Each structure stands twice: as C-alpha cells, then as structure tokens.
Amino acid sequence: MPELPEVHTIVQDLKQSRLIGKKIISTEIFWPKTLAVPTPEIFCQQVQGQSIQNVDRRGKYIIFQLSNQMFLIVHLRMTGRFQFVTSQTPTSPYVRIQFNFENDDQLRFHDTRKFGRWYLVSDVEEIIGHLGPEPLLSSFTFELFEDMMKNRKTLLKSLLLDQSFIVGLGNIYVDEALWEAKLHPLIPANQINLKHLKILYHSIKYVLEKGIQARGTTLGPGRTHYYRLDGSKGEHQTLLNVFRKTGHPCPRCGHLIERLIVAQRGTHICPICQKK
C-alpha cells in the first residue's frame with residue numbers, strides 16, 4: 001500500500017503535470033464500487049464541467065479540489081495508481097474510473113485489486129476527520145508526540161500503524177523507523193524511556209523524509225506495485241535497511257535480519273539491535 005512518501009510523490013507529480021485547471025468533459029466508470037459516495041449517476045453529474053483547482057494530501061489520502069467547491073478524496077489502498085495521458089495511450093482492463101478532459105487528456109485510475117475508494121464530498125472532514133497528526137509538519141513537536149504516547153499500552157508497531165494516532169506510516173516506514181531507533185515492534189508504547197522516545201520521534205521524520213527524497217518505494221515489477229504518474233519507479237527500495245531483507249545482514253551489526261508477524265503484518269527486525 002502506498003504510504004506517505006508515495007502519496008506525497010504522486011501529489012507532486014499531479015501538481016507538476018498539466019492537470020491543474022483542466023475541465024472535466026466526461027467521466028467513465030468501469031467499476032462502480034470504486035465510488036464510495038455518491039452514486040455513479042450523481043458523481044458524474046457533480047463533476048461534469050468542473051475544473052481541478054488543486055491537489056493536496058492528508059495522510060495517505062489524495063484530495064482534489066474542484067471548481068464547484070466539492071472535494072474528490074481518493075484512497076489508493078493496495079494497488080491504486082493514477083496515469084495522466086492522452087486518449088491515444090493504450091488503455092488497460094484495470095482502469096476503474098477515467099476523467100476525460102479538453103484537449104484529449106485523460107486521468108486514469110488503475111486498481112488491479114479493486115480496493116481503492118473515491119469519495120466526492122463538500123466537507124473533507126466527513127472522510128478524513130478521524131485522522132491523527134501529520135508527522136512532517138512543524139506542529140508535530142516532540143512534546144506532542146510524548147504526550148500522545150503517554151499511557152498507551154498498545155504494542156509499538158500496532159500503534160504507529162494506526163492512522164487515527166499518526167498518519168502516513170505503513171509497514172515499510174514503521175519497520176525502517178523502528179530499526180533506526182533500535183526499538184522492538186512488540187514493546188508496549190508506554191514502556192519506552194524518554195531517550196528512546198526522542199530517537200523514535202526523529203527516526204519517524206527521517207525515514208519519511210528519506211522516502212520522499214527517493215520518490216517512494218517500488219517493491220517490484222508489475223501492476224500491483226507503486227509507480228509514479230509517468231510510470232517510473234521510486235528509488236527508496238534501494239535504501240531499505242530491514243524491510244523485506246529477511247536473511248540479509250543488518251547494515252549496523254551484521255546479524256541476519258529476521259521476519260515475524262506483528263499486527264497481522266510481516267515485520268522485519270534485527271534481533272540484536274532491536275531487543276525486546
């Protein structure tokens with residue numbers, strides 16, 4: 001699933017494309033269940049003739065602002081991705097929704113596994129109001145993080161994956177942040193001392209910023225993996241320390257990386273650096 005760095009990269013790609021200001025001439029819906037709200041008929045009516053004014057991000061959600069003050073909120077889930085092309089570009093059976101613009105441009109939403117969801121609303125808080133703070137904003141201070149962690153008995157990895165606690169972190173960047181901080185994913189959050197809490201705070205910011213600089217993580221070839229708007233790969237996969245590195249030597253101590261299950265997720269740790 002695309003995490004904060006991948007979604008951030010997609011949003012930046014969309015902003016830098018010809019998309020902003022484009023008027024939607026027509027909409028084609030090939031998989032109606034992609035639309036969470038409203039119905040396909042109402043959706044097509046409400047976006048018809050509207051132009052895309054801006055694109056932004058909140059957590060893992062992409063937010064398109066339309067000229068009628070409506071907001072299209074998109075959650076990519078596992079395999080959702082966008083392609084901004086002309087109508088002459090060969091299409092795919094995995095395109096679920098397509099916007100047709102003036103001058104023959106198209107915005108296609110590909111989603112192999114059909115888990116991605118679109119929401120067209122007048123109030124973004126209806127969809128994203130439950131989300132926790134953004135870890136890369138200046139408002140996300142260590143003091144706030146420390147206060148958030150107090151009295152939380154939840155296992156550390158499970159807590160960091162909770163989007164109502166903090167947004168943007170998924171399996172990749174939680175594993176990488178915990179390795180950077182030398183913390184075991186099964187430690188209860190309220191048992192981390194102040195020193196290690198500060199290290200974790202900075203590690204979260206570090207791995208996310210590194211992921212953004214590398215334009216996200218593409219874990220393999222094929223349509224089920226993350227790709228940028230132009231179809232190119234991210235580069236962060238070449239910088240991973242532990243994620244999907246089972247059996248490889250730890251870059252810090254040389255011990256072999258191990259895999260375990262935490263919060264129903266494959267989890268990668270160095271058992272020497274990250275002792276429970």
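The values are calculated or read from the model by the stated rules, or taken from the named source; none is laboratory data. Bear in mind the structure is a predicted one, so any value in this text is a computation, not a measurement. Note that we place each Cβ from the backbone using ideal geometry, even for glycine, and neighbour counts take in every protein chain shown.
Key figures
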{"quantity": "Any chance Arg215 is surrounded by fewer than 16 Cβ atoms within 10 Å (Cβ to Cβ) and in contact (Cβ under 8 Å) with a residue 40 or more places away in the chain", "calculated": "no"}
{"quantity": "Failed condition for Gln12, given (1) of a type outside the set (Asp, Glu); (2) without any contact (Cβ under 8 Å) to a residue 60 or more places away in the chain; (3) touching a strand residue (DSSP E or B) at 6+ places or on another chain (Cβ under 6 Å)", "calculated": "(3)"}
{"quantity": "All positions within segment 120-174 that are in contact with a Ser or Thr (Cβ under 6 Å, 6 or more places away or on another chain) and part of a helix (DSSP H, G or I)", "calculated": "Ile172"}
{"quantity": "Residues within segment 253-274 that are exposed (fewer than 15 other Cβ atoms within 10 Å of the Cβ), at pLDDT 95 or above and either at positive phi or in a loop (DSSP other than H, G, I, E, B) (or both), tallied", "calculated": "4"}
{"quantity": "Output for segment 120-142, where each listed residue is within 23 Å of Ile97 (Cβ to Cβ) and in contact with a Pro (Cβ under 9 Å, 6 or more places away or on another chain)", "calculated": "Leu120, Val121"}
{"quantity": "Residue that is surrounded by the most Cβ atoms within 10 Å (Cβ to Cβ) [pool: residues in segment 39-77 that are touching a Gly at 6+ places or on another chain (Cβ under 8 Å) and hydrophobic (A, V, I, L, M, F, W, C)]", "calculated": "Leu76"}
